[in-house]
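Step one of this worksheet: look at the structure below.
The values are calculated or read from the model by the stated rules, or taken from the named source; none is laboratory data. Computed from a predicted structure; not experimentally measured. Positions of Cβ are generated from backbone atoms using ideal geometry, with glycine treated the same way; all protein chains shown enter the neighbour counts. Accessible surface areas use protein heavy atoms only, side chains included; no ligands, DNA or RNA. Shrake-Rupley method; radii C 1.70, N 1.55, O 1.52, S 1.80 Å.
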Amino acid sequence: MSAETPAAPGQFTRRRLQFRAWRGTRPFWAGLFVLLAGFPIMYFPYAHLQFGHLTIAMATTAGAGSLIIGVLLVVLGISLWFQQHVRTFAGVAAILLALVSIPVSNFGGFVIGFLFALIGGAMAVAWAPGVPPVPQPAQANGAGAGDSPQAAPGSATGPGYEANDLSGTSPGNGANGRHSAG
């Protein structure tokens, strides 16, 4: 394949849809926020900002601590992308590192890194994998739109059903006084 060979038509669209499918199976945005939080937390304690001829040194005595916090946040962000089963641990760790970064690294990277880590950690803890919807089978008994469904004997809406029976042993649910062990 040479540089003059055009890309296959629709290849960009196909790659974009593949990335979209990959992104939908993991806490992508939480990982991105946590990853981005690490950079200002790492950078500002070592930065020398210049405004014209005025140089402002942001170096602190806790520069190594802020470097460690920043690197850990970057690693947690990447692990949220590729190891989604650690999302709760990574989210809680990101929130704790964000809180620790306030006193250690110039108010958490001038609050930028702190907020990114806090929001990303909360998103990671709240994320849950989606379940594909189960298709509903068509009704085979021929009940039309105007028909009212008839309750089967012994069903939850049938004659043996008692609405206030909280024991789970009513004959309507087929338990017959036995409890399920699992």
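Data for the structure
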read-out	value
Residue in the stretch 47-58 that is closer than 27 Å to A94 by Cα, in a helix (DSSP H, G or I) and modelled with pLDDT under 90 present	no
Qualifying residue in the stretch 154-164 (condition: more than 30 Å from I41 (Cα to Cα), open to solvent by less than 100 Å² (accessible area, probe 1.4 Å), at pLDDT 55 or above and in a loop (DSSP other than H, G, I, E, B))	yes
Selection from the stretch 65-95 of residues that are of a type in the set (A, V, I, L, M), closer than 21 Å to W22 by Cβ and surrounded by fewer than 24 Cβ atoms within 10 Å (Cβ to Cβ)	V74, V75, I78, V86
Residue count, the stretch 29-46 (criterion: closer than 13 Å to F110 by Cβ and either among the aromatic types (F, W, Y) or not in a helix (DSSP H, G or I) (or both))	3
Listing of helices (runs of 4 or more DSSP H) fully contained in the stretch 83-142 that carry 1 or more residues being without any contact (Cβ under 8 Å) to a residue 40 or more places away in the chain and under 14 Å from V71 (Cα atoms)	87-104
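For every residue, the table says whether it meets (1) more than 19 Å from the chain's Cα centre (by Cα); (2) small (G, A, S).
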{"position": "F89", "(1), (2)": "no, no"}
{"position": "V92", "(1), (2)": "no, no"}
{"position": "L99", "(1), (2)": "yes, no"}
{"position": "I112", "(1), (2)": "yes, no"}
{"position": "A122", "(1), (2)": "no, yes"}
{"position": "W127", "(1), (2)": "no, no"}
